[in-house]
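*Asks:* Before anything else, here's the structure in question.
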Amino acid sequence: MTVKIALPKGRLLPQTAALLRKAGWELDEYHGKARSYRLKSRRFAELLIKVFQEKDIPIQVATGNYDLGICGLDWVEELLAKYPSSALIKVKSLGFGEGALYLAAAPSAIANFADLRAETGVIRIVSEYPNLAESFALKTRLSRFSIFPVWGGAEVYPPENADLVLIAGQDRAELGHVDLVPLSKVLDFSAYLIANQDSWEAKDLEQFVASICAVGSERTYRKVSSQLSGEAKKTPVEKLEIAEDTIRLALPDGHQQSPTLELLNKAVIKIEGYPSATGNRRPKMGREGVTVKVIRPQDMPLQVANHNFDLAITGRDWLKEHLYQFPSSPIRELLALKFGWVRIVAVVSQTLPITDVSSLRKFSTERTVPLRVASEYVNIADKYARDNHLGHYRVIPTWGASEAFLPEDADLLIENTQTGQTIARHNLRIIDTLFESTACLIGSAGIDFSSPKGSRIVSFVETLRKAVEG
């Protein structure tokens, strides 16, 4: 009998690896520098072990692709908030990876909960946990609210681009480090062992579960009452005012920071604190009339479309992803920046007899079950499947480490690559290139270039254009 377990990458990996060492699983390749997503246990030969991004694990277990999984309870509850009937069993807290989800605001934005409840306008809530954010807003009976899902960096949005944020932190003091005031604790969480309900009933999982539970700490979790209390810091309400002609610019975090900084330096645009060693997401730009925030490139098109930013430096791949979902979105590419080059490619396992789109179409249309297409680019993947007439298919959203899905959990992967080396290393094959992507400057298609802000935008774009072409 094969038993499948999904283990986490990222923040929980070191402590999960230590736990499984104590449990005697003998996983030699489970560490931060490992290059394989598939692991072997010398103790349990019947275990099929795969490593995923933590956010993907509850979905993989709930759908029955995996019998067991280890991930944070926060992501389990995020799934259950939208799909309460999911086939998930929360087996046990493992006693590490502890934290809490807090509803928070900028100190200058909300003085107390009375102000929050009395708000007559739309309350904007930003979060990586949109389902839990919506559930909280409904339970606390906020009269009017709007949820803005983001990939990360939610702490930077209040107060200008959101009123509230639902965010994870180890404690209240941690929120203070990013200039947020906690208004209410929504959920305590820790790393959890979870199981698929059908597998729990049909398979003998006892030896695997017992080995983990024998060394894991006894912990219980609790959902904290979502009723608003008087815990908020009493601070004067001072809304941050930004002049009407000020350009609101979004710069990327992550690996695109270095080439973005090189471009700004070449354009002789000074910027302080970018990249930031302390995690500051509000660098200071030495150009009059420009304010800057650092956010995820994936979030930029929607943020510009919602008028939270005037300009943003993102990837053309994320712009296309947005426009495929919202064809009438009022944003456009203003300038190609000629760095961050990648190819968006279609990838299959080398074990499949597929070498091109034609053989992929034949493989897909001859199947009795839907073709499984995994990608971070869910709308690009959907369009690719439709345009190439791949028959019955379903798109599986991923949060990274997408190579891990092939071939057991997906048939086709839509992914980005520079050299193709990572894809080849995981025994995968590129069968098609959808398009090439580079960094680009995006903005609203409705910019009034005759206005003072429009004139500033023209000047800023031309300054970058000269640097790109120089």
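The values are calculated or read from the model by the stated rules, or taken from the named source; none is laboratory data. All values derive from a computational prediction rather than experimental measurement. Positions of Cβ are generated from backbone atoms using ideal geometry, with glycine treated the same way; all protein chains shown enter the neighbour counts.
*Asks:* When you go through Arg425, Arg429, Arg465 one by one, which is the residue that is touching a strand residue (DSSP E or B) at 6+ places or on another chain (Cβ under 9 Å), more than 18 Å from Ile313 (Cα to Cα) and charged (D, E, K, R)?
*Replies:* Details: Arg425 fails: touching a strand residue (DSSP E or B) at 6+ places or on another chain (Cβ under 9 Å); Arg465 fails: more than 18 Å from Ile313 (Cα to Cα).
When all the criteria are applied, what remains is Arg429.
*Asks:* Sticking with this one: Ser108 is checked against (1) closer than 19 Å to Leu79 by Cα; (2) at pLDDT below 85 and fails just one. What number does that condition carry?
*Replies:* Condition not satisfied by Ser108: (1).
*Asks:* Residues Gly400, Gly420: which one is outside the structural domain of Gln325 (by TED's automatic domain parsing), at pLDDT below 95 and within 20 Å of Met300 (Cα to Cα)? So that I can check it myself, show each step before the final result.
*Replies:* Details: Gly420 fails: within 20 Å of Met300 (Cα to Cα).
One residue alone meets the criteria, Gly400.
*Asks:* Go through segment 440-460 and give me each residue that's under 16 Å from Ile313 (Cα atoms), surrounded by fewer than 16 Cβ atoms within 10 Å (Cβ to Cβ) and in contact (Cβ under 8 Å) with a residue 24 or more places away in the chain.
*Replies:* Ala445, the sole residue that qualifies.
*Asks:* Continuing with the same structure: Are there any pairs with C-beta distances below 7 angstrom linking a residue in segment 325-340 that is surrounded by fewer than 15 Cβ atoms within 10 Å (Cβ to Cβ) to a residue that is in a loop (DSSP other than H, G, I, E, B), with the two at least 6 apart or on different chains, and if so which?
*Replies:* Pairs that qualify, where the first residue is surrounded by fewer than 15 Cβ atoms within 10 Å (Cβ to Cβ) and the partner is in a loop (DSSP other than H, G, I, E, B), are Pro330/Ala445; Pro330/Gly446; Ala336/Thr438; Lys338/Thr438.
*Asks:* Looking only at segment 389-443, count how many residues are part of a strand (DSSP E or B) and not hydrophobic (A, V, I, L, M, F, W, C). Give the derivation first.
*Replies:* Initial filter on segment 389-443 (part of a strand (DSSP E or B)): 393-397, 412-417, 428-437, 439-443.
The next check asks that each one be not hydrophobic (A, V, I, L, M, F, W, C); those that pass are 393-394, 397, 415-417, 429, 432-433, 436-437, 443.
The number of residues fulfilling the criteria is 12.
*Asks:* Among the residues of segment 45-57, is any assigned to a helix (DSSP H, G or I), in contact with a Ser or Thr (Cβ under 8 Å, 6 or more places away or on another chain), within 11 Å of Gly69 (Cα to Cα) and in the same structural domain as Leu80 (by TED's automatic domain parsing)? Full working, then the answer.
*Replies:* From segment 45-57, those assigned to a helix (DSSP H, G or I) are 54-57; that's our starting set.
Filter once more, so that each one left must be in contact with a Ser or Thr (Cβ under 8 Å, 6 or more places away or on another chain): 56.
From the residues that got through so far, the ones that are within 11 Å of Gly69 (Cα to Cα) too are 56.
This time we only want the ones that are in the same structural domain as Leu80 (by TED's automatic domain parsing), so: 56.
Yes, because at least one residue in segment 45-57 is assigned to a helix (DSSP H, G or I), in contact with a Ser or Thr (Cβ under 8 Å, 6 or more places away or on another chain), within 11 Å of Gly69 (Cα to Cα) and in the same structural domain as Leu80 (by TED's automatic domain parsing).
*Asks:* Hey, can you tell me all the residues within segment 21-37 that are without any contact (Cβ under 8 Å) to a residue 60 or more places away in the chain and not in a loop (DSSP other than H, G, I, E, B)?
*Replies:* Selection gives Arg21 alone.
*Asks:* Taking Ser108 as meeting all but one of (1) part of a loop (DSSP other than H, G, I, E, B); (2) touching a Lys or Arg at 6+ places or on another chain (Cβ under 9 Å); (3) not assigned by TED's automatic domain parsing to the domain that holds Asp179, write down the number of the exception.
*Replies:* Unmet condition: (3).
*Asks:* Hey, another quick one. Could you list, ordered by first residue, the pairs with Cβ atoms under 9 Å in which the first is in segment 256-269 and within 17 Å of Pro297 (Cα to Cα) and the second is polar (S, T, N, Q) and at pLDDT 95 or above, at least 6 apart or interchain?
*Replies:* Matching pairs, first to second residue: Gln256/Thr314.
*Asks:* Condition (residue is farther than 30 Å from Leu263 by Cβ, outside any loop (DSSP other than H, G, I, E, B) and modelled with pLDDT under 95) applied to segment 366-384: is it met by at least one residue?
*Replies:* no
*Asks:* Another question about this same structure. Might you let me know whether segment 303-313 holds any residue that is aromatic (Phe, Trp, Tyr), in contact with a Lys or Arg (Cβ under 8 Å, 6 or more places away or on another chain) and more than 19 Å from Leu251 (Cβ to Cβ)? So that I can check it myself, show each step before the final result.
*Replies:* Just the residues of segment 303-313 that are aromatic (Phe, Trp, Tyr), to begin with: 309.
Remaining after also requiring in contact with a Lys or Arg (Cβ under 8 Å, 6 or more places away or on another chain): 309.
Pick out the ones that are also more than 19 Å from Leu251 (Cβ to Cβ) and you get none.
No: zero hits.
*Asks:* Of a type outside the set (S, T, N, Q), assigned to a strand (DSSP E or B) and at pLDDT 90 or above, is that true of Gly454?
*Replies:* Details: of a type outside the set (S, T, N, Q): yes; assigned to a strand (DSSP E or B): no; at pLDDT 90 or above: yes.
Here the answer is no, as Gly454 does not meet what is asked.
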